[in-house]
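A.B. asks: One structure coming up, written as structure tokens, with questions to follow.
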Amino acid sequence: MSPADLLIDSLGRVLESVEAVLDGASDDLLAERPGPDANTIAWLVWHLTRVQDDHVAGVAGSEQVWTAQGYDARFGLPFETGDIGYGQTSAQVAQVRASADLLADYHRATHERSLAYFASLGADDLDRVVDERWDPPVTLGVRLVSVVNDCTQHVGQAAYVRGLLG
């Protein structure tokens, strides 16, 4: 298995989990909070997809799916275009309202773009430094593992919230 195959398989599992969490979910369920300041399913799926979109586009040197395919307008959120949800307040989390279909469409589009990029990578590519603001500097491999980790954590949280809410 190549590093690209490993990354593709990892994000394939995230996609399967996102689709399972969203399957049959109403808009109200997606916006419901199990506690006063808890994250919603809609926010969790939107955020994990925004992180994947932002980070993969950043290392690939491409425009994000969010803007390239008009998802920023389709979601119509009152945030800055580049916002990915990091550090948002409870009130901002509550503003993310979207249908299961829209969330799934955006996630699938981002997933497909990520897979295309991953398929172009060789093992040596993963050692390329992509962020020198850290000590040690962040390599492409570390950044992509971070993306997979973030997506896995948040889709697990979304599944947990869905289980809590029934």
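A.B. asks: Using just the Cα positions, wrap the chain in a convex hull and report its mean projected area in square nanometres, one decimal place. Walk me through the numbers before you get to the answer.
C.D. replies: Working: hull surface 39.0 nm².
Mean shadow area of the hull around the Cα atoms is 9.7 nm².
A.B. asks: Sticking with this structure for a sec: Show that you can apply the helix-only estimate: for the chain, add -39,500 (n - 2.57) for every DSSP H stretch of four or more residues, divide by all residues, and state [θ] at 222 nm to the nearest 500. Could you put the intermediate results ahead of the total?
C.D. replies: Values: 8 runs with 105 residues, N = 166.
After summing the helix terms and dividing by the residues of the chain, the value is -20000 deg cm²/dmol.
A.B. asks: Okay, moving on. I want to verify the translational diffusion coefficient of region 106-166 in µm²/s; compute it with Stokes-Einstein, Rh as the Kirkwood radius over Cα pairs, at 25 °C and 0.890 mPa s. Before the final figure, lay out the partial values.
C.D. replies: Details: Rh = 13.6 Å.
In µm²/s, the coefficient is 181.
A.B. asks: Once you've got the GNM for the chain with C-alpha springs shorter than 10 Å, pick whichever of LEU29, LEU121, LEU44 has the biggest mean-square fluctuation.
C.D. replies: LEU121
A.B. asks: Among GLN92, VAL14, GLY166, which residue has its Cα positioned farthest towards the positive end of the charge dipole of the chain, with +1 placed on the Cβ of Lys and Arg, -1 on the Cβ of Asp and Glu, and the dipole taken about the Cα centre?
C.D. replies: Going by the Cα projections, it comes out as GLY166.
A.B. asks: Please compute the Cα-Cα pair-distance distribution of region 1-70 with 5 Å bins starting at 0, giving whole percents from short to long.
C.D. replies: For region 1-70, the pair-distance distribution reads 3, 14, 17, 20, 21, 13, 8, 3, 1.
A.B. asks: Specify which residue in the list PRO36, ALA109, THR67 is farthest towards the positive end of the charge dipole of the chain, using unit charges on the beta carbon of Lys, Arg (+1) and Asp, Glu (-1), about the Cα centre.
C.D. replies: Going by the charge dipole, the pick is PRO36.
A.B. asks: When the chain is treated as a GNM, springs tying every alpha-carbon pair under 10 Å, which of TYR71, TYR86, TYR117 comes out with the largest mean-square fluctuation?
C.D. replies: It is TYR86.
A.B. asks: In sequence order, what are the phi-derived ³J(HN,Hα) couplings for region 39-46 according to the Karplus relation 6.51 cos²θ - 1.76 cosθ + 1.60 with θ = phi - 60°, rounded to whole Hz, with x for glycine and proline?
C.D. replies: 6, 8, 4, 4, 5, 4, 5, 4
A.B. asks: I would also like to ask the following. With the full set of protein chains in place, find how many percent of the accessible area of region 9-93 is carbon and sulfur; take the probe as 1.4 Å. Don't skip to the end; give the middle numbers.
C.D. replies: On the way: 1690 of 3820 Å².
Answer for region 9-93: carbon and sulfur cover 44 percent of the accessible area.
A.B. asks: Given H placed on each backbone N at 1.01 Å, which residues far from ASN39 in sequence or on other chains put an amide H within less than 5 Å of it?
C.D. replies: It is none; the list stays empty.
A.B. asks: How far apart, in nm, are the 7 Å Cα→Cβ label points at GLU112 and ASP5?
C.D. replies: 2.5
A.B. asks: If you place +1 on the Cβ of every Lys and Arg and -1 on the Cβ of every Asp and Glu, how big does the dipole about the Cα centre of the chain come out, in debye to the nearest 20? All intermediate terms of the calculation are to be shown ahead of the outcome.
C.D. replies: Details: 11 positive and 25 negative charges, 51 e Å.
It comes to approximately 240 debye.
The values are calculated or read from the model by the stated rules, or taken from the named source; none is laboratory data. Note that this is a predicted model, so its numbers are computed, not measured. Don't worry about glycine lacking a Cβ; one is built from the backbone with ideal geometry, like all the others, and counts go over all protein chains shown. Side chains are part of the model used for accessible areas, which takes the heavy atoms of the whole protein and leaves out ligands, DNA and RNA. Shrake-Rupley method; radii C 1.70, N 1.55, O 1.52, S 1.80 Å.
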